[in-house]
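Novice: Starting off with a structure, shown below.
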Amino acid sequence: MTTVTRFAPSPTGRLHVGNIRTALINWLAARREGGRFLLRMDDTDAERSTEAFAQAVRDDLRWLGLVPDGEERQSDRGGAYDGRFEGLAQAGRVYPCYESPEELELKRKVQLGRGLPPVYDRAALALGDADRAALEAEGRRPHWRFRLDHAAPIGWVDGIRGEQRFDPALLSDPVVRRADGSWLYLLPSVIDDIDMGVTLVVRGEDHVTNTALQLQMFDALDAPAPAFARAALLTGGDGKLSKRLGALGCDDFRGMGIEPVALLALLGRIGTSDPVEPMADVAPLVASFDLGRFGRAPARFDLDELAALNARVLHMLPYADVADRLPDGMGESGWAAIRPNIATLAEAADWWRIVTGPLDRAAEDPGAGDPADADFLAVAAEALEAVTFDAEAWKRWTGVLKAQTGRGGKTLFLPLRRALTGRDHGPDMGLLLPLIGRDAALARLRGDG
Ligand code: GLU
């Protein structure tokens, strides 16, 4: 059986880091088994769902590299839902209810007041044809509930949480359709999962009761249920639930200079028994993917850890992966020289400006260009003119200078680095010098480059 997973966001807002992790786990589960990963827009809430958000979801998934093998939208599938709904109504598994929200609220209060669980009392099941006709004559239109089978205990093995049990008698029959005919998400989701052949549903922590209710819907529709797994919550770096996480999305990560693969490398490993490690692409995540390695405890998502991982990922990225985002002219050798010294790709452009010059010394490092080094730099310029200028130029040149001036270590290298780059730290000078070029290097040593 081919693994089919789906990511089912509601296009009522931007994806946040928790959604992204759910998408990733579903994507990985499909990739790992050579299966299919579907995108399903849960847009039954017509008022809050927008095409702009749907497009933003697609764009975010594309940026992340979690490209779906197909897309469906619930708003296009009303016909499929109507057919199944009719069947369920005939079988008495959905039934019309007429209580207003206020009446339901009152019932709940009374139950709670008596110390009872606020479970829907199924009063509507007792209505006869005449009662219903009378209610309709008052102008009431029914909403519909799915009738849970109280005689069928609900149990399943969650792929992450293990054994789960629910007593259906302790759950309210869920409303599946509103009085205006519009759908709530629960039943359409089941019908979609059946029609799309979904075999595994990885969803957020908040959906446990929904899973219990939906298992009975699969049964009522005579269809096998997919496997379910519920990913643990994400907490911030301090281990606490954080509002901020609910707002962090792809635009924020892009703005921070985070590479998508770094974000995925972190989200794919936190909360699992595998280590977080840098990777140039997600192949190691796919290869190591195993739902059984995900834990039940909340997973810590730490922005500092992400930033550090991002730097380590960048240091591994081959030129071809970044070429179209590098400044013009910064070829493979430029990337090789600069890559080890950046924490975000934007910093590569800063370094490339330093290579190509002219140096803005005041902006780079006001402390550079110590007058005490002036004589040394003049000697250095002369020596540079004399050495063969090739890939070994730096080694040869500093060797000559060491012999000539007796300087060594920091007193030899730092004034040269400062004169050539305007900074005290940075990429390997042996690699930078050929990129700067002899003429520009001489001009900088003489203070006019
Ligand atoms: N639209 C639901 C959500 O975003 C889907 C949950 C699910 O069925 O996995 O929470």
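Novice: Restricting region 46-75 to residues that are hydrophobic (A, V, I, L, M, F, W, C) and in a loop (DSSP other than H, G, I, E, B), which is surrounded by the most Cβ atoms within 10 Å (Cβ to Cβ)?
Specialist: Let us first name the residues in region 46-75 that are hydrophobic (A, V, I, L, M, F, W, C), namely 46, 52-54, 56-57, 61, 63-64, 66-67.
Subset that is in a loop (DSSP other than H, G, I, E, B): 46, 66-67.
Working: ALA46: 10, LEU66: 22, VAL67: 11.
Filtering first and then ranking leaves LEU66.
Novice: What pairs come up if the first residue lies in region 239-252 and is farther than 19 Å from ALA56 by Cβ, the second is among the basic types (Lys, Arg), and their beta carbons are under 9 Å apart, counting only those six or more places apart or on different chains?
Specialist: Pairs found: GLY239/ARG300.
Novice: Which of the residues that make up region 76-88 are assigned to a helix (DSSP H, G or I) and surrounded by 17 or more Cβ atoms within 10 Å (Cβ to Cβ)?
Specialist: Here is the first cut: in region 76-88, the residues assigned to a helix (DSSP H, G or I) are 76, 78-88.
Within region 76-88, TYR81, ARG84, PHE85, LEU88 meet the criteria.
Novice: Right, something else. For ARG396, are the conditions met, namely being at pLDDT 95 or above, surrounded by 15 or more Cβ atoms within 10 Å (Cβ to Cβ), outside any loop (DSSP other than H, G, I, E, B) and of a type outside the set (S, T, N, Q)?
Specialist: yes
Novice: Filter region 17-45 for residues that are surrounded by fewer than 18 Cβ atoms within 10 Å (Cβ to Cβ) and either in contact with a helix residue (DSSP H, G or I) (Cβ under 7 Å, 6 or more places away or on another chain) or not in a loop (DSSP other than H, G, I, E, B) (or both) and give the result.
Specialist: Correct list: ARG32 only.
Novice: Determine which member of the set PHE301, PHE253 is of a type in the set (Phe, Trp, Tyr), buried (at least 21 other Cβ atoms within 10 Å of the Cβ) and within 26 Å of PHE228 (Cα to Cα).
Specialist: None of the other options fit; the residue is PHE301.
Novice: Turning to a different aspect of this structure: Just the residues that are of a type outside the set (A, V, I, L, M, F, W, C), assigned to a loop (DSSP other than H, G, I, E, B) and either under 25 Å from TYR185 (Cα atoms) or touching a residue at least 12 places away in the same chain (Cβ under 8 Å) (or both), please, taken from region 103-151.
Specialist: Applying the first criterion (of a type outside the set (A, V, I, L, M, F, W, C)) to region 103-151 yields 103, 105, 107-109, 111, 113-115, 117-118, 120-122, 128-129, 131-132, 136, 138-143, 145, 147, 149-150.
Applying the additional criterion that residues be assigned to a loop (DSSP other than H, G, I, E, B) yields 114-115, 117-118, 120-122, 128, 138-142, 147, 149-150.
If the condition is that a residue be of a type outside the set (A, V, I, L, M, F, W, C), assigned to a loop (DSSP other than H, G, I, E, B) and either under 25 Å from TYR185 (Cα atoms) or touching a residue at least 12 places away in the same chain (Cβ under 8 Å) (or both), then PRO117, PRO118, TYR120, ASP121, ARG122, ARG140, ARG141, PRO142, ARG147, ASP149, HIS150 are the ones that fit.
Novice: So, of the residues in region 152-168 that are part of a strand (DSSP E or B) and within 16 Å of the ligand (Cβ to nearest atom), which turns out to be nearest to ALA220 (Cα to Cα)? Talk me through it step by step, then tell me what you get.
Specialist: In the first step, residues of region 152-168 are kept if they are part of a strand (DSSP E or B); the result is 154-158, 162-166.
Then keep just the ones that are within 16 Å of the ligand (Cβ to nearest atom); that gives 156, 158, 164.
On the way: TRP156: 16, ASP158: 21, GLN164: 20 Å.
Within region 152-168, the match that is nearest to ALA220 (Cα to Cα) is TRP156.
Novice: Anything in region 399-437 that is surrounded by fewer than 21 Cβ atoms within 10 Å (Cβ to Cβ) and in contact with a Pro (Cβ under 8 Å, 6 or more places away or on another chain)? List them, or say none.
Specialist: Selection gives ASP428 alone.
Novice: So which residues in region 161-192 are of a type in the set (Val, Ile, Thr) and closer than 21 Å to VAL119 by Cα, if there are any at all? Step through it out loud before you land on a result.
Specialist: Let us first name the residues in region 161-192 that are of a type in the set (Val, Ile, Thr), namely 175-176, 190-191.
Matches in region 161-192: VAL175, VAL176.
Novice: Output the residues belonging to region 169-210 that are more than 11 Å from the ligand (Cβ to nearest atom), buried (at least 16 other Cβ atoms within 10 Å of the Cβ) and among the small types (Gly, Ala, Ser).
Specialist: Of everything in region 169-210, just one residue is more than 11 Å from the ligand (Cβ to nearest atom), buried (at least 16 other Cβ atoms within 10 Å of the Cβ) and among the small types (Gly, Ala, Ser), namely SER172.
Novice: Also, I was wondering about something else. Would you mind finding the one in TRP63, TRP27 that is more than 16 Å from the ligand (Cβ to nearest atom), within 18 Å of the chain's Cα centre (by Cα) and in contact (Cβ under 8 Å) with a residue 12 or more places away in the chain?
Specialist: Values: TRP27 fails: more than 16 Å from the ligand (Cβ to nearest atom).
So the residue among TRP63, TRP27 that is more than 16 Å from the ligand (Cβ to nearest atom), within 18 Å of the chain's Cα centre (by Cα) and in contact (Cβ under 8 Å) with a residue 12 or more places away in the chain is TRP63.
Novice: Please enumerate the residues belonging to region 139-168 that are among the charged types (D, E, K, R), crowded, with 18+ Cβ neighbours inside 10 Å and farther than 22 Å from ALA91 by Cβ.
Specialist: ARG161
Novice: Using the structure shown, decide if VAL94 is hydrophobic (A, V, I, L, M, F, W, C), crowded, with 16+ Cβ neighbours inside 10 Å and either at pLDDT below 95 or over 30 Å from HIS143 (Cα atoms) (or both). Step through it out loud before you land on a result.
Specialist: On the way: hydrophobic (A, V, I, L, M, F, W, C): yes; crowded, with 16+ Cβ neighbours inside 10 Å: yes; either at pLDDT below 95 or over 30 Å from HIS143 (Cα atoms) (or both): no.
Answer is no for this residue.
Novice: Name, by its number, the condition in (1) under 23 Å from the mean Cα position of the chain (by Cα); (2) away from the ligand (no atom under 14 Å from the Cβ); (3) crowded, with 21+ Cβ neighbours inside 10 Å that does not hold for LEU245.
Specialist: LEU245 satisfies all of (1) under 23 Å from the mean Cα position of the chain (by Cα); (2) away from the ligand (no atom under 14 Å from the Cβ); (3) crowded, with 21+ Cβ neighbours inside 10 Å except (3).
Novice: While we're here: Across region 211-237, which residue is modelled with the lowest pLDDT among those that are assigned to a loop (DSSP other than H, G, I, E, B) and away from the ligand (no atom under 14 Å from the Cβ)? Even if it seems obvious, please write down each step before you answer.
Specialist: Within region 211-237, the subset assigned to a loop (DSSP other than H, G, I, E, B) is 221-226, 231-233, 236-237.
Next cut, away from the ligand (no atom under 14 Å from the Cβ) only: 221-224, 232, 236-237.
Working: LEU221: 98, ASP222: 98, ALA223: 98, PRO224: 97, ALA232: 89, GLY236: 90, GLY237: 84.
Only one residue fits best here, namely GLY237.
Novice: I would also like to ask the following. Exactly one condition in (1) in contact with a helix residue (DSSP H, G or I) (Cβ under 8 Å, 6 or more places away or on another chain); (2) within 13 Å of the ligand (Cβ to nearest atom); (3) within 26 Å of VAL175 (Cβ to Cβ); (4) of a type in the set (Lys, Arg) is not met by ARG14; state its number.
Specialist: If we test ARG14 against (1) in contact with a helix residue (DSSP H, G or I) (Cβ under 8 Å, 6 or more places away or on another chain); (2) within 13 Å of the ligand (Cβ to nearest atom); (3) within 26 Å of VAL175 (Cβ to Cβ); (4) of a type in the set (Lys, Arg), just (3) comes out false.
Novice: Under 6 Å between Cβ atoms, which residue pairs at least 6 apart in sequence (or on different chains) link something in region 258-287 that is touching a residue at least 12 places away in the same chain (Cβ under 8 Å) with a partner that is of a type in the set (S, T, N, Q) and crowded, with 16+ Cβ neighbours inside 10 Å?
Specialist: Taking only residues 6 or more apart or on different chains, the pairs are ILE258/ASN310; GLU259/ASN310; ALA262/ASN310; ASP274/SER288.
Novice: Looking at ALA262, ALA280, ALA287, can you tell me which residue is buried (at least 18 other Cβ atoms within 10 Å of the Cβ) and in contact with a helix residue (DSSP H, G or I) (Cβ under 9 Å, 6 or more places away or on another chain)?
Specialist: Details: ALA280 fails: buried (at least 18 other Cβ atoms within 10 Å of the Cβ); ALA287 fails: buried (at least 18 other Cβ atoms within 10 Å of the Cβ).
Result: ALA262 is the single residue among ALA262, ALA280, ALA287 that is buried (at least 18 other Cβ atoms within 10 Å of the Cβ) and in contact with a helix residue (DSSP H, G or I) (Cβ under 9 Å, 6 or more places away or on another chain).
The values are calculated or read from the model by the stated rules, or taken from the named source; none is laboratory data. In this text, all values refer to a predicted model and were calculated from it rather than measured experimentally. Here Cβ is always computed from backbone atoms with ideal geometry, including for glycine, and neighbour counts include all displayed protein chains.
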